[in-house]
1. Of the conditions (1) assigned to a strand (DSSP E or B); (2) open to solvent by less than 50 Å² (accessible area, probe 1.4 Å); (3) over 18 Å from Asn72 (Cα atoms), Ile144 fails just one. Which one is it?
2. It is to be established whether one or more residues within the range 84-94 are at pLDDT below 80 and surrounded by 12 or more Cβ atoms within 10 Å (Cβ to Cβ).
3. If you check Thr118, Thr148, which single one turns out to be touching a residue at least 12 places away in the same chain (Cβ under 8 Å) and more than 18 Å from Glu81 (Cα to Cα)?
4. Would a scan of the range 66-74 turn up a residue that is of a type in the set (Lys, Arg), modelled with pLDDT of 90 or more and over 13 Å from Leu154 (Cα atoms)?
5. Which condition breaks for Arg132 when tested against (1) of a type in the set (D, E, K, R); (2) open to solvent by less than 70 Å² (accessible area, probe 1.4 Å); (3) within 17 Å of Gly87 (Cα to Cα)?
6. Name the residues in the range 116-126 that are farther than 15 Å from Leu79 by Cβ and either surrounded by 19 or more Cβ atoms within 10 Å (Cβ to Cβ) or in contact with a Leu (Cβ under 7 Å, 6 or more places away or on another chain) (or both), would you?
7. Which one is farthest from Leu128 (Cα to Cα), of the residues in the range 95-115 that are open to solvent by less than 40 Å² (accessible area, probe 1.4 Å) and of a type in the set (A, V, I, L, M, F, W, C)?
Amino acid sequence: MVETTCPQCGHQNPLTGRFCSSCGASLTLAGQEHDTTVSGLIPIEGSVEELEVELANIPAGLGLLVVTRGPNSGSRFALDEPLVTVGRHPESVIFLDDITVSRRHAEVRRVTDGYEVTDSGSLNGTYLNRQRVELAPLTHGDEIQIGTFKLLFLVGLS
């Protein structure tokens, strides 16, 4: 489960929470003065490893994909190009080497108001928050599934 740390008391809260369940402090990400850390548990080869991403270190508005499940768990991919291709093809910007991933599986595109994910006619489909999609806007904290890989979408604050 992906969580956010309360800047007031340090309590772990669901990423979708607006207020800390322990102290009641605001968890609103935009405009926070404190560094915000998103933490999640990543399974790696049958074990569990803690993942931490400092959102304050990501440029404002820049998207980031973090692999939370799959052979390269913990890998981070900055979405710093207008179009990022995802697939099993060696020329893909995000190369996911697994038979469950199509050669040209999906694309993440920067649009005026953020990012969107598009399935590129893959055999196994592209899922956003466990729903199969052809084209969908991305919001902070979304989970994208491509084959057996799960990727967490984050947006920088500073």
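The values are calculated or read from the model by the stated rules, or taken from the named source; none is laboratory data. The model shown is predicted, which means the values in this text are computed figures rather than measured ones. Positions of Cβ are generated from backbone atoms using ideal geometry, with glycine treated the same way; all protein chains shown enter the neighbour counts. These accessible areas exclude ligands, DNA and RNA; they are computed on the full protein's heavy atoms, side chains included. Shrake-Rupley method; radii C 1.70, N 1.55, O 1.52, S 1.80 Å.
1. (3)
2. no
3. Thr148
4. No - not one qualifying residue is present in the range 66-74.
5. The failed condition is (2).
6. Answer for the range 116-126, where residues must be farther than 15 Å from Leu79 by Cβ and either surrounded by 19 or more Cβ atoms within 10 Å (Cβ to Cβ) or in contact with a Leu (Cβ under 7 Å, 6 or more places away or on another chain) (or both): Asp119, Ser122, Thr126.
7. Leu96
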